[in-house]
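Inspection log for the structure reproduced underneath, given as structure tokens.
The values are calculated or read from the model by the stated rules, or taken from the named source; none is laboratory data. Every value quoted in this text rests on a predicted model; they were computed, and no experiment measured them. Positions of Cβ are generated from backbone atoms using ideal geometry, with glycine treated the same way; all protein chains shown enter the neighbour counts. Just the protein is used for accessible areas: all its heavy atoms, side chains included, with ligands, DNA and RNA removed. Shrake-Rupley method; radii C 1.70, N 1.55, O 1.52, S 1.80 Å.
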Amino acid sequence: MCLVLGATGVGKTLLMKRLHKLCARDSTDPGDVPPTQPTVGTNLTDLTIQRTRVTVREVGGSMVPIWPSYYKDCPAVLFIVDAANINQVSASCIQLLSVLSAPALSTVPVLVVFNKTDLPCCMSLVEMKSLFRLNDVMACAKQPITVMETSALEGSGLQEVLQWLHSSAGP
């Protein structure tokens, strides 16, 4: 079961709903934007990507202290960051480092998703990588790390996330 982690309000729920719609329709149009509420606890979503079923567990951002209880037997992690919230960057970076240093995830591929790129105040990928010192983090990490930009609201980057999930968490 893949994990979707990230701070509160980064867009995890909307991202998962949009990915689910893309898979259900087997198209490139994620459809209308569904309503969301902050996740309390976890949400499970089954995605069928190219005839492969991938189960994804979104864990609420307020549940950071118990994230490690979900790490066992996890084949892949999506770590979502709000690219438009500079105040959240340092907390997200610390959370990411904690995820990467967990022994149970030492060989698990990680996708860092900079979400909310549709907002006018979002930082560029270069700025986000610099603030996260992502090149240093990737050089020290044991697991493979991929970085992508998305807008769950507009649907940009979602197909690439599905492709990554299929290749990283599929059979």
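Taking the stated definitions as given, is residue 55 hydroxyl-bearing (Ser, Thr, Tyr), at pLDDT 95 or above, within 15 Å of the chain's Cα centre (by Cα) and closer than 22 Å to residue 20 by Cβ? So residue 55 does not fit the description; no. On inspection, residue 62 does not qualify as under 19 Å from residue 122 (Cβ atoms) and free of Cβ contacts under 8 Å to residues at least 60 places away in the same chain. Just wondering, is there one or more residues in region 110-127 that are touching a Ser or Thr at 6+ places or on another chain (Cβ under 9 Å), open to solvent by 30 Å² or more (accessible area, probe 1.4 Å), in contact (Cβ under 8 Å) with a residue 12 or more places away in the chain and among the charged types (D, E, K, R)? Looking through region 110-127, at least one residue is touching a Ser or Thr at 6+ places or on another chain (Cβ under 9 Å), open to solvent by 30 Å² or more (accessible area, probe 1.4 Å), in contact (Cβ under 8 Å) with a residue 12 or more places away in the chain and among the charged types (D, E, K, R). Checking each residue in region 101-128 for being touching a strand residue (DSSP E or B) at 6+ places or on another chain (Cβ under 7 Å) and assigned to a helix (DSSP H, G or I) picks out 105, 125, 128.
In region 1-15, of all residues being touching a helix residue (DSSP H, G or I) at 6+ places or on another chain (Cβ under 6 Å) and assigned to a loop (DSSP other than H, G, I, E, B), the one that is most open to solvent (accessible area, probe 1.4 Å) corresponds to 8. None of 48, 36 is closer than 20 Å to residue 155 by Cβ, assigned to a loop (DSSP other than H, G, I, E, B) and open to solvent by 10 Å² or more (accessible area, probe 1.4 Å) except 36. Within region 84-99, being open to solvent by less than 80 Å² (accessible area, probe 1.4 Å) and β-branched (Val, Ile, Thr) holds for 89, 99.
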